[in-house]
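Before any comments, here is the structure.
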Amino acid sequence: KFKCCFGGDPLPTIVWSHNDSRIPEILAAGGSTSAKYQTHKLHDLYYLDVGPVSTRDNGQIKCTIMNRYGREEAIAQIIVVPSASEATPCITQPLSNIIIIEGRPLKLSCGIVGLQVSVNWFHNGKLISSTTQSKTDYNGENAIFTLSRCMRTDVGTVDCLVKNRFGEARTSCRIEVANDSELDR
């Protein structure tokens, strides 16, 4: 249920939209209904009921009001998850152990599925923050950790921890740093 309260002179018209597409079944002030959407008005409050909902309904619901003097918008986020167990983050491509030559760049990547996740990287149990030498990134599908130059001090375990309000997932790998002559043996 979404609620929009407004007033004005002349009285503004209201348009509801979902992901920037006008909800065609709704007439601005008429209190019309459809199988998915229902609107009604009580005093200066305008309501939009959406249901039944599915994951296809994820996105933005926007209430736009306008009259000859201007327009205003209010936006709300709608997130529909099938169940808490299905919304828990999941690692789809885990990290793999790696041996890297000292002085070379390193890039680790793991695949992630999850809604509204936060991603943190750890080296030997300590949180890694982005610096000029190391960078962390998340592009919506992959969590990425890069080092511009690997040093002997980078040996150890790297963990990627992915969390949201439904749970968490973790993947780890071991980094070994060698010099050219060690790899020739």
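Observations on the structure shown:
- One residue stands out among those in the stretch 135-150 that are loosely packed, with under 14 Cβ neighbours inside 10 Å and in contact with a strand residue (DSSP E or B) (Cβ under 7 Å, 6 or more places away or on another chain): the one that is farthest from Gly125 (Cα to Cα), which is Glu141.
- Within the stretch 85-105, considering residues that are out of contact with any helix residue (DSSP H, G or I) (no Cβ under 7 Å at 6 or more places or on another chain) and among the aliphatic types (A, V, I, L, M), the one surrounded by the fewest Cβ atoms within 10 Å (Cβ to Cβ): Ile99
- When the residues of the stretch 42-84 are filtered to those that are touching a residue at least 60 places away in the same chain (Cβ under 8 Å) and surrounded by fewer than 12 Cβ atoms within 10 Å (Cβ to Cβ), the one that is farthest from Val15 (Cα to Cα) is Ala84.
- Residues (part of a strand (DSSP E or B) and either at pLDDT below 80 or farther than 21 Å from Val53 by Cα (or both)) located in the stretch 74-84: none
- Screening Val177 against (1) under 30 Å from Val117 (Cα atoms); (2) crowded, with 18+ Cβ neighbours inside 10 Å leaves a single unmet condition, (1).
- Condition check for Leu108: buried (at least 16 other Cβ atoms within 10 Å of the Cβ) and either aromatic (Phe, Trp, Tyr) or more than 30 Å from Pro10 (Cα to Cα) (or both): yes
- In summary, strands (runs of 3 or more DSSP E) completely within the stretch 141-185 and bearing 1 or more residues that are charged (D, E, K, R) occur at 156-164, 167-178.
The values are calculated or read from the model by the stated rules, or taken from the named source; none is laboratory data. Note that this is a predicted model, so its numbers are computed, not measured. Here the Cβ is made from the backbone with ideal geometry for all residues, glycine too, and neighbour counts use every protein chain on show.
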